[in-house]
Amino acid sequence: MTRASGLSDSQVRSGLACLRDIIAENGYPPLIWTRADGYQLGAEPAALQAYERAVLTGKLTEFRWFLTGTVAPHAAAHPGDKWVKHIISQLNSIESTLDLVVAS
């Protein structure tokens, strides 16, 4: 899309985010993207579910990287820190919930 439009990657991402907001505000069918079919507006429920699952799987991976790369080392360096204890308990709950949603 960047090649066709002459816009940068970040400009295209911003434009798509804006388009998704406009779609939601106006009650239009959701916009999704798949490798096989490209962008789709008004996809079938199975395609929407597959897209949502793929997005959540990606976010869960990023979330786990954050936990292992930032939060766990923080906890190891400061085991008595009240903040890190609180954030670990909250983030573990979020991770568990996302994992259930992705697996279902």
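The values are calculated or read from the model by the stated rules, or taken from the named source; none is laboratory data. Note that the structure is a prediction, hence the values are computed from the model and not measured. A quick note on method: Cβ atoms are made from the backbone with ideal geometry, for glycine too, and the neighbour counts reach across all protein chains shown. The protein model used for the area step is the full one, side chains on, heavy atoms only, and it has no ligands, DNA or RNA in it. Shrake-Rupley method; radii C 1.70, N 1.55, O 1.52, S 1.80 Å.
Listed values, structure above:
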| item | result |
| --- | --- |
| Any pair with Cβ under 7 angstrom, 6 or more apart, that starts in the range 1-24 at a residue that is over 17 Å from LEU41 (Cα atoms) and ends at one that is at pLDDT 90 or above and outside any helix (DSSP H, G or I) | THR2/SER8 |
| Hits in the range 27-44 (condition: open to solvent by 90 Å² or more (accessible area, probe 1.4 Å) and free of Cβ contacts under 8 Å to residues at least 12 places away in the same chain) | ARG35, ALA36, ASP37, TYR39, GLU44 |
| Test set (1) touching a helix residue (DSSP H, G or I) at 6+ places or on another chain (Cβ under 9 Å); (2) among the hydroxyl-bearing types (Ser, Thr, Tyr); (3) open to solvent by 70 Å² or more (accessible area, probe 1.4 Å) - SER14 fails condition number | (1) |
| Sole residue being open to solvent by less than 60 Å² (accessible area, probe 1.4 Å) and under 28 Å from THR2 (Cα atoms), chosen from ALA47, ALA75, ALA24 | ALA47 |
| Every residue from the range 5-63 that is over 30 Å from LEU91 (Cβ atoms) and touching a Ser or Thr at 6+ places or on another chain (Cβ under 6 Å) | VAL12 |
| Pair list, Cβ < 7 Å and 6+ apart or interchain, from the range 92-104 residues that are closer than 10 Å to LEU60 by Cα to residues that are outside any helix (DSSP H, G or I) and modelled with pLDDT under 90 | none |
